[in-house]
Amino acid sequence: MSRTLLVTGGAGFIGSNFVRLIRRDRPDWTVTNLDALTYSGNLENLADLEGDAKHRFVRGDICDADVVRHLMSECDVVVHFAAESHVDRSIQDSGPFIQSNVLGTQILLDVARAANIDRFVHVSTDEVYGSLPLDQPELKFTEESMLAPNSPYAASKAASDLLVRAAHHTFGMPTIITRCSNNFGPFQFPEKVIPLFVSNLIEDKPVPLYGDGLNVRDWLHVEDHCEAILTVLERGAPGEVYNVGGDNERSNLELTHEILRLMGKGDDMIRRVQDRLGHDRRYAIDSSKLQSELGWKPTRSAWPDALEQTVRWYCDHEQWWRRVKSGAYREYYENQYQGLV
Ligand code: NAD
Ligand code: TDX
């Protein structure tokens, strides 16, 4: 069935990869891409779609109900990525997180209900479940796990998830929530650990490892995440939540060693810095529901090849991250790392 999508946040890391996937694998679908181009939104992420008649970019804020109303009147599906997405920034100032992640989602839901949207896919995160202990490796987050967000970012995402849940329960809206683990791949903003570390090493700068480096993350390639979103859009059941994960847990120290090895650098490049406040110890996600009910499985996340390809992408796209790392980002970097790296 041909679809007309409203994608929010499609100039960011995951959203731009998703738009590219749709244009490649669903060529008869049309995409309207609404993005405010905040510090992490970048039209260069969509450069290869320039001139594509089935992709329309609109610069605008999801909190602007008039713009959203106008665009939704022309669409039948919403895929909602737009958000403030960096935990460290939410610790510095949670205001923009409440504005975009909570208020923005409420506005989208209200307009989507009035517009009788066919499907509303809300892209959320495993961070809403909080943290797992290191000494019980068998524990993983399932869709039934309690919501226990620990950072202002995670709290704002959990709040948006609850608004989406309520929209289904109260109004019967055809909403679906996905909760994914840490993504890696091309076009990730270099404040996130992998592109930050790789770009620092290219510049021969040390890498700032938080705390003891033993915090664990589950890594999934962004294209596997995007395929999961397309799968739930087409085959998911309204009102459901689907976890998305890579079964690919690494401590930050292991990840750092792998990056150093791939880049031919030594351990002397590691700079231990103060831990993130409230730093979640471990994320691990059980995605068996998505796999058994809808047939999704990750195909691009195999480690270490996928990491190597990603590292190479940042080495080959120096101009992209150098432009991104200059300007306003410098100020954030100086503030976050206090001149230590
Ligand atoms: P990102 O920061 O790279 O991109 C976010 C995009 O949203 C940017 O283009 C930005 O300009 C846009 N945006 C922000 N506020 C907006 C507003 N008010 N109106 C319109 N556009 C706005 O983030 P990302 O890593 O691509 O994450 C996308 C989504 O996926 C987020 O909802 C995030 O919570 C979720 N998620 C991310 C990960 C991950 O590992 N990166 C994992 C799971 C879930
Ligand atoms: O300088 C750093 N040093 C460091 O040790 C940075 C930026 C991070 N880290 C650690 C903190 C985390 O344990 O690396 C791990 C990954 O950090 P981030 O890349 O900031 O990701 P995380 O906080 O795990 O959140 C990510 O995954 C879930 C995304 O940013 C979220 O948007 C997503 O919801």
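What to note about this one:
- Accessible surface of the chain, 1.4 Å probe, proportion on carbon and sulfur as whole %: 49
- Sequence-separation-based contact order of segment 246-341, relative, with Cα cut under 8 Å and 6+ spacing, percent: 37
- Given charges at beta-carbon only (K, R positive; D, E negative), |dipole| of segment 217-341 in Debye: 420
- Taking the Cα centre of the chain as reference, the dipole from Cβ charges on Lys and Arg (+1) and Asp and Glu (-1) amounts to some 320 debye.
- The GluC sites (Glu not before Pro) of segment 153-226 that meet both conditions, a loop assignment by DSSP and at most 12 other Cβ atoms within 10 Å of the site Cβ, are Glu203.
- Measuring nothing but how far apart in sequence close Cα pairs (under 8 Å, 6+ apart) lie, relative to its length, the chain scores a relative contact order of 18 percent.
- Relative intensity, log₁₀ I(q)/I(0), of segment 75-134 from a Debye sum that treats every alpha carbon as a point, q = 0.17, 0.23, 0.30 Å⁻¹: -0.68, -0.98, -1.26
- Surface accessible to a 1.4 Å probe, per residue, for the residues of segment 255-303, Å²: 53
- In this structure segment 80-159 gives 40 Å² per residue of accessible area when probed at 1.4 Å with all protein chains present.
- For the set His257, His55, solvent exposure ranked by accessible area (probe 1.4 Å, protein chains only) runs largest to smallest as His257, His55.
- Gained length - Ala114 relative to Arg56, 0.36 nm times residue gap less alpha-carbon distance: 18.6 nm
- Within segment 38-98, the GluC sites (Glu not before Pro) that combine a DSSP coil assignment with at most 14 other C-beta atoms in a 10 angstrom radius are Glu50, Glu74.
- Hydrodynamic radius of segment 214-272 per Kirkwood, over alpha carbon pairs, in Å: 14.0
- Rounded to the nearest 20 debye, the dipole magnitude of segment 65-205 is 240 debye, with +1 charges on Lys and Arg beta carbons, -1 on Asp and Glu beta carbons, and the Cα centre as origin.
- Computed Rg/Rh of the chain, alpha carbon atoms with Kirkwood Rh: 0.94
- Using R0 = 25 Å, the C-beta based FRET efficiency linking Arg271 and Tyr332 works out to 0.90.
- Whole-Å distance, taken between Cα centres, linking segment 109-159 and segment 75-98: 13
- Pairwise centroid distance, computed over Cα atoms, of segment 12-73 with segment 232-260, Å: 23
The values are calculated or read from the model by the stated rules, or taken from the named source; none is laboratory data. This one's a predicted model, so the numbers in the text were calculated from it and none came from an experiment. Glycine gets a Cβ as well: all are built from the backbone with ideal geometry, and neighbour counts include every protein chain shown. Side chains are part of the model used for accessible areas, which takes the heavy atoms of the whole protein and leaves out ligands, DNA and RNA. Shrake-Rupley method; radii C 1.70, N 1.55, O 1.52, S 1.80 Å.
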